[in-house]
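Chemist: A single structure is presented below for examination.
The values are calculated or read from the model by the stated rules, or taken from the named source; none is laboratory data. What you see is a predicted model; the values in this text were computed from it and never measured. Glycine also receives a Cβ, built like all others from the backbone with ideal geometry; neighbour counts cover every protein chain displayed.
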């Protein structure tokens, strides 16, 4: 049985909104005197009147989960879901309002650029400082320092005060320190986005190595590609509550809005991010041959699209771009060109063969486009997320095995032929 490194049990964190303190004794006294007289607080900033009566909100609400050795866990959720608050609680930067967090071993946190660095000290001195914070003695840190400096890729500046470092240099040194001082639990919150792509990949490889060595990683990022690459488990937080704890693929789908699948939609009320004036507009879509937008492998989707054209076009096309559950475009298809007249409301019934599409959840992006003889495309109207659908997994239709989307991708190629 795997050793448990982290237990989060019934944790809640409540914050009070508004003006908590005036910053000075005089400010606090004048604010208090105004309140007892029922007067307006003279120290309240414009726009903060709404929070003048100690309103509060729950950043986290009764969250429980465990992390074992070897786990690489992604905390996934939209802005304000409580991800960073949870990491700060685990890192002991702040304390929970209720609940308990039990940690067995060392925790290394990389929450913000320069966290734990003294700006007046050099990079080398800050390595020793961070080692001491993590409970390492000087001899232990000295054994690791050459490896840390090489990994950070800033050898030339290691004896320069870190206040002169760029944000990228901060991240490189901070990650190198956190990853090499033998933490049992490593926490990383989005800061890798500052580094260059090559260094991001290097850091992800190092975190994967940490998990394989029997330690644990907690990772927060809005880059779902890196989440899927690194993590073997996903926690989905929504408005401070833990909604899902399981596979990282399903957590990503929930983050992307999985479950919002409508057979009949009024498209006119949705945001149209790419639009050429009011020349064309998609009005309505209806999926015809399904009850829940779920399809078997190699089946066919059918839908009806209703649009309005305010100008004529002899080469109009309906273009469909398919995206996977991480919102990454994976394929494009389109209709043959057709003609529309000015002020025409037109409908088209469309068949979309799903041949070769692997099991999983997909997002449909639709555009009304027109091409010219030189191959240039004019976009009249575009909807990024028209609907979502699922291709169900069935071993009977898939050579007797379940499709592992994370390992194999989104398309099932034809069988290899031996000759």
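Chemist: Among the residues that make up the stretch 188-200, is at least one of them modelled with pLDDT of 80 or more, touching a strand residue (DSSP E or B) at 6+ places or on another chain (Cβ under 6 Å) and under 26 Å from residue 135 (Cα atoms)?
Modeler: The answer is yes; a qualifying residue exists.
Chemist: Still on this structure: From the list 217, 269, 248, which one is surrounded by fewer than 19 Cβ atoms within 10 Å (Cβ to Cβ) and within 27 Å of residue 80 (Cβ to Cβ)?
Modeler: 269
Chemist: Here's something else I'd like to know. Could you check residue 245 against (1) under 30 Å from residue 190 (Cα atoms); (2) touching a strand residue (DSSP E or B) at 6+ places or on another chain (Cβ under 7 Å); (3) assigned to a helix (DSSP H, G or I) and say which number it fails?
Modeler: Of the numbered conditions (1) under 30 Å from residue 190 (Cα atoms); (2) touching a strand residue (DSSP E or B) at 6+ places or on another chain (Cβ under 7 Å); (3) assigned to a helix (DSSP H, G or I), the odd one out for residue 245 is (3).
Here is a yes/no grid of residues against (1) surrounded by 14 or more Cβ atoms within 10 Å (Cβ to Cβ); (2) assigned by TED's automatic domain parsing to the domain that holds residue 282; (3) in contact (Cβ under 8 Å) with a residue 40 or more places away in the chain:
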| residue | (1), (2), (3) |
| --- | --- |
| 338 | no, yes, no |
| 359 | yes, yes, yes |
| 371 | yes, yes, yes |
| 374 | no, yes, no |
| 398 | yes, yes, yes |
| 417 | no, no, no |
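Chemist: Return the residues of the stretch 106-143 that are closer than 23 Å to residue 198 by Cβ and modelled with pLDDT of 90 or more; say none if nothing qualifies.
Modeler: 123, 127
Chemist: Here is a check on your reading of the model: is residue 148 assigned by TED's automatic domain parsing to the domain that holds residue 212 and over 25 Å from residue 205 (Cα atoms)?
Modeler: no
Chemist: Name the one entry in 75, 60 that is surrounded by 20 or more Cβ atoms within 10 Å (Cβ to Cβ) and closer than 12 Å to residue 13 by Cα.
Modeler: Answer to the selection: 60.
Chemist: Just to be sure I understand the filter: pairs with C-beta atoms under 9 Å, separated by 6 or more residues or on different chains, first member in the stretch 222-239 and free of Cβ contacts under 8 Å to residues at least 60 places away in the same chain, second member part of a strand (DSSP E or B). Which pairs pass?
Modeler: Hits for this filter: 222/76; 226/219.
Chemist: Restricting attention to the stretch 1-14, and to residues there that are surrounded by fewer than 14 Cβ atoms within 10 Å (Cβ to Cβ) and in contact with a strand residue (DSSP E or B) (Cβ under 6 Å, 6 or more places away or on another chain), which single residue is nearest to residue 96 (Cα to Cα)?
Modeler: 10
Chemist: A further question on this structure: Check 96, 42 and return the single one that is part of a loop (DSSP other than H, G, I, E, B) and modelled with pLDDT of 90 or more.
Modeler: Going through 96, 42 in turn, the sole match is 96.
Chemist: Related question: Residue 380: free of Cβ contacts under 8 Å to residues at least 60 places away in the same chain, surrounded by 19 or more Cβ atoms within 10 Å (Cβ to Cβ) and assigned to a strand (DSSP E or B), yes or no? Working first, answer last.
Modeler: Values: free of Cβ contacts under 8 Å to residues at least 60 places away in the same chain: no; surrounded by 19 or more Cβ atoms within 10 Å (Cβ to Cβ): yes; assigned to a strand (DSSP E or B): yes.
Spelling it out, it is not the case that residue 380 is free of Cβ contacts under 8 Å to residues at least 60 places away in the same chain, surrounded by 19 or more Cβ atoms within 10 Å (Cβ to Cβ) and assigned to a strand (DSSP E or B).
Chemist: Another question, if that's okay. Evaluate the stretch 226-239: report whether one residue or more is part of a loop (DSSP other than H, G, I, E, B) and in contact with a strand residue (DSSP E or B) (Cβ under 6 Å, 6 or more places away or on another chain).
Modeler: Step one: of the stretch 226-239, the residues part of a loop (DSSP other than H, G, I, E, B) are 231-232, 239.
With in contact with a strand residue (DSSP E or B) (Cβ under 6 Å, 6 or more places away or on another chain) added as a condition, the list becomes 231-232.
Yes, that holds for at least one residue.
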